[in-house]
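Take a look at the structure below.
The values are calculated or read from the model by the stated rules, or taken from the named source; none is laboratory data. Everything numeric in this text was worked out from a predicted model, so none of it was measured. With ideal geometry, Cβ positions are generated from the backbone for all residues, glycine too; neighbour counts draw on all protein chains shown. In case anyone asks, the SASA skips ligands and DNA or RNA and just uses the protein heavy atoms, side chains included. Shrake-Rupley method; radii C 1.70, N 1.55, O 1.52, S 1.80 Å.
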Protein chains: 2
Amino acid sequence: MATRLRSPRVINPSKQQSVVPISDAAPDAHTLYEVLRDGLIWGRWKPGEKLKPQHLKDELGCKSAALREALIRLAGEGFVDSELNQGFRAVAHSKETFQEAVHMRWVLECEAVRMALKNGGFEWEMAVSAAHKKLVFVEERMKAADDVTPFLKHWSRQDWEFHNTVLSACRSTLLLRSYKTAYDTFRMYAVSSLPTYGFGGDNNITEHNAIYEAAIQHDEAACIEAILCHLPLSDDATLSAGAG
Amino acid sequence: MATRLRSPRVINPSKQQSVVPISDAAPDAHTLYEVLRDGLIWGRWKPGEKLKPQHLKDELGCKSAALREALIRLAGEGFVDSELNQGFRAVAHSKETFQEAVHMRWVLECEAVRMALKNGGFEWEMAVSAAHKKLVFVEERMKAADDVTPFLKHWSRQDWEFHNTVLSACRSTLLLRSYKTAYDTFRMYAVSSLPTYGFGGDNNITEHNAIYEAAIQHDEAACIEAILCHLPLSDDATLSAGAG
DNA sequence: ATCGGTAATAATTTCGAAATTATTTAACTA
DNA sequence: TAGTTAAATAATTTCGAAATTATTACCGAT
């Protein structure tokens, strides 16, 4: 067998990867997706605002291709509107879309909690307990504070962590994915249109506690009742709830 | 004010749009998305199969950018798996993911039908009636036929149209979007793993008829009972259903 | 002065090639 | 001959610029 002729591999020194991570490297598509999703939920871009690739490129220090990829994903999830040759813009909400999100939360949360209470073991109970403790911590501080504003973002994040942890034992990734979309749609509206992101003062503490206690005791009826009280369902949806 | 100097617009004749649409033009991202989604559901690509841009480019006659855009959207929806630098592949199913899809269908379909029966007017009743008629037409033919194979795709499409039409009056786009994802996940598994795409012979006709009659009469309890019978829920999920 | 049309400008989308990363193949060693 | 290493190849991702499309500003006419 004839020996093959091979030239040695040439490595361009300027392209060699640095040992120290370069902090100002352009973020990849997945990171951008997270940044944009977070920004849309937390009001960095207002509902209906145009998301111009050229401006965002400067603002986020990224390349247009990665940006476009992230925006396409967000459009698929419904957090961004896109029309052909008209670019992207943050979705605009209405009371109706908010009610849809609340309703979806109610439907999915009730079903998921039923399954979670059946499947959840000791590990789950610990996780729920921890998430509740953190949420209570924030809510107690807010109760004592004159101005709740600086706590709102922390609170909202803990609210998500608590609800998500409770449902995490339901063993349906499909359900949890839909729930996340509904929850984030809910939150997006709350951030932009409700005075305190939907924080309801003392009631919240009581409601979350009721959900927590019922969950830990695996009391299905009590847990679902507590969730029903907790969500700001319209009368319309509540009627439907009665049938459930 | 000084007159501005302007050169006449030059149009490259070769780039001028033809009056007759060119059939072999490269499909845009949205069309590709539909083609790929359809192909994934109907088994054009097998579960777990790698979706290589280079091959697909030839197969579908498209450009790589449009293809990538479509694949990104499908990945976001969960019909395609993507890992960094490892390309895309059709999702692989299991009995568990199928059961999740069935369960999601049950949860969402029951809730949507409750709302639809409240909101649906005459127009909706006509649409439901028409969709049912078409479905029955296919199912009667299948009943008479020795081999149902050639009807399966028609049947599956009409099954979707019927269920979707029934739910269409629910007035929640968020719910309908989640339902579509669940239904298509269900169908994807059925096409690849169930002998007759989930078609159950005479039972199907009876079940669809029960749903139809209950819907037209706005009989909520009967409609939900009929849906429960219709969906291939596991015992696990059925227990949960009893609590609903 | 307002309306309609046309050119200039700005923005978005598309595209092909370069750069990066993974996979396969071949050579070498034990 | 099996196991190891590195090159060659193949595939994927990135990128910047070209092409397309929308928007804005200007001129002329009614």
| Every residue from the range A:46-97 that is aliphatic (A, V, I, L, M) and either more than 14 Å from chain B (Cβ to nearest Cβ) or in a helix (DSSP H, G or I) (or both) | A:Leu51, A:Leu56, A:Leu60, A:Ala65, A:Ala66, A:Leu67, A:Ala70, A:Leu71, A:Ile72, A:Leu74, A:Ala75, A:Ala90
| said: Where the second residue is open to solvent by 50 Å² or more (accessible area, probe 1.4 Å) and the first is within 14 Å of another protein chain (Cβ to nearest Cβ) and lies in the range A:116-131, which pairs have Cβ atoms under 6 Å and are six or more apart or on separate chains? | reply: A:Leu117/A:His218; A:Leu117/A:Glu220; A:Asn119/A:Arg171
| message | Looking for something polar (S, T, N, Q), modelled with pLDDT of 95 or more and closer than 30 Å to B:Tyr183 by Cβ - is there at least one such residue anywhere in the range A:180-196? | response | yes
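Sort out which residues of the range A:150-196 are among the aliphatic types (A, V, I, L, M), touching a residue at least 12 places away in the same chain (Cβ under 8 Å) and either under 18 Å from A:Ser129 (Cα atoms) or away from every other protein chain (no Cβ under 11 Å) (or both), and write them in order of number.
First pass over the range A:150-196, keeping only residues among the aliphatic types (A, V, I, L, M): A:152, A:166-167, A:169, A:174-176, A:182, A:188, A:190-191, A:194.
Remaining after also requiring touching a residue at least 12 places away in the same chain (Cβ under 8 Å): A:152, A:166-167, A:169, A:175-176, A:182, A:188, A:190-191.
A:Leu152, A:Val166, A:Leu167, A:Ala169, A:Met188, A:Ala190, A:Val191 - these are the residues of the range A:150-196 that are among the aliphatic types (A, V, I, L, M), touching a residue at least 12 places away in the same chain (Cβ under 8 Å) and either under 18 Å from A:Ser129 (Cα atoms) or away from every other protein chain (no Cβ under 11 Å) (or both).
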| task | List every residue pair whose Cβ atoms sit under 7 Å apart, with the two residues 6 or more apart in sequence or on different chains, where the first one lies in the range A:203-229 and is free of Cβ contacts under 8 Å to residues at least 60 places away in the same chain and the second, anywhere, is exposed (fewer than 15 other Cβ atoms within 10 Å of the Cβ). | result | A:Glu207/A:Cys229
| said: Here is a check on your reading of the model: is B:Lys50 within 27 Å of B:Tyr197 (Cα to Cα), out of contact with any helix residue (DSSP H, G or I) (no Cβ under 9 Å at 6 or more places or on another chain), free of Cβ contacts under 8 Å to residues at least 60 places away in the same chain and not hydroxyl-bearing (Ser, Thr, Tyr)? | reply: yes
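Within the range B:70-93, which residues are near DNA strand D (Cβ under 10 Å from one of its atoms) and of a type in the set (D, E, K, R)?
Here is the first cut: in the range B:70-93, the residues near DNA strand D (Cβ under 10 Å from one of its atoms) are B:71-72, B:75, B:82-89.
Correct list: B:Glu83, B:Arg89.
Here's the yes/no breakdown for (1) at pLDDT 95 or above; (2) over 30 Å from B:Pro47 (Cβ atoms); (3) open to solvent by 30 Å² or more (accessible area, probe 1.4 Å):
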| position | (1), (2), (3) |
| --- | --- |
| B:Glu77 | no, no, yes |
| B:Glu83 | no, no, yes |
| B:Trp106 | yes, no, no |
| B:Glu123 | yes, yes, yes |
| B:Met126 | yes, yes, yes |
| B:Val136 | yes, yes, yes |
| B:Met142 | yes, no, no |
| task | Any residue in the range A:91-114 that's under 28 Å from A:Ile72 (Cβ atoms): show its pairings with residues that are assigned to a helix (DSSP H, G or I) and at pLDDT below 95 at Cβ separation under 6 Å, as long as the two are six or more apart or on different chains. | result | A:His103/A:Ala237
| message | Would you confirm, using the coordinates I've provided, whether A:His218 is in contact with a Leu (Cβ under 6 Å, 6 or more places away or on another chain) and open to solvent by 60 Å² or more (accessible area, probe 1.4 Å)? | response | yes
